[in-house]
1. Per residue of segment 24-29, what does 6.51 cos²θ - 1.76 cosθ + 1.60 with θ = phi - 60° give for ³J(HN,Hα)? Whole Hz please, x for Gly and Pro, Karplus curve as stated.
2. Need the list of aspartates and glutamates near Lys67 for cross-linking: C-alpha distance under 13 angstrom, and skip anything on the same chain fewer than eight residues off.
3. Stretched out fully, how many nm does the piece from Thr28 to Gln43 gain, at 0.36 nm a residue minus the Cα gap?
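Read-outs: derived from the displayed coordinates by stated rules, not from any lab. Computed from a predicted model, the values in this text were never measured in an experiment.
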Amino acid sequence: MYESARKILSDESGSVIIMAVLILITLTIMGIWASNTTVIEYQIASNDQFHKIAYTNADSGVYVTPKLVSKAINESTPQDATVMGLFGFAFENSTDENALYDQILGYANWDNGITDISMTSNVYNDTIEVDIRRTRQQLVAGGGVEFASGAEGVGVGSTGGVNIFYTLDSIGPGPRQSVANVRAEYRKVLGLPGGL
């Protein structure tokens, strides 16, 4: 009996197979874990790229809009659909050239966040929406306007020396329903050209 028990304990013929199977199971689990980590990292990178595209679209709406505002103020005329088309914009939500012009110059009250203009991005054919809100105006510090003098400096003359502030709220969509919202404040200095 003692001999048969010793023979069973010293017999190692199946242990190599069991150890090999355990090592293979461990390697399989590690491979599945690494594969899942790679898939998750790929999804994170994709979502980050979609967010960046949406942000770029929204930022482009904020970048282009001051040029339109500056043109409307400098020319003292409403910008019709042809001019809007040159900037890549179109009127939105029954806003027309006169309503937008009145809002830019402060003749009309703010429309409570209704989108005023939109433009289409050429890459993904996304529609970027921009709302323009005139918030306030103030005298240019150091322009001489507060002293009623000849006003040497920024915004010289009777039309100059005033800052007009606008809040630009741009919503830019991206792929797979990603959306970014960029809000910026634009300051138009009367008497100076340019729109950014």
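1. 5, 5, 4, 5, 5, 4
2. Qualifying aspartates and glutamates at Cα under 13 Å: Glu75.
3. Fully extending the segment from Thr28 to Gln43 adds 3.1 nm.
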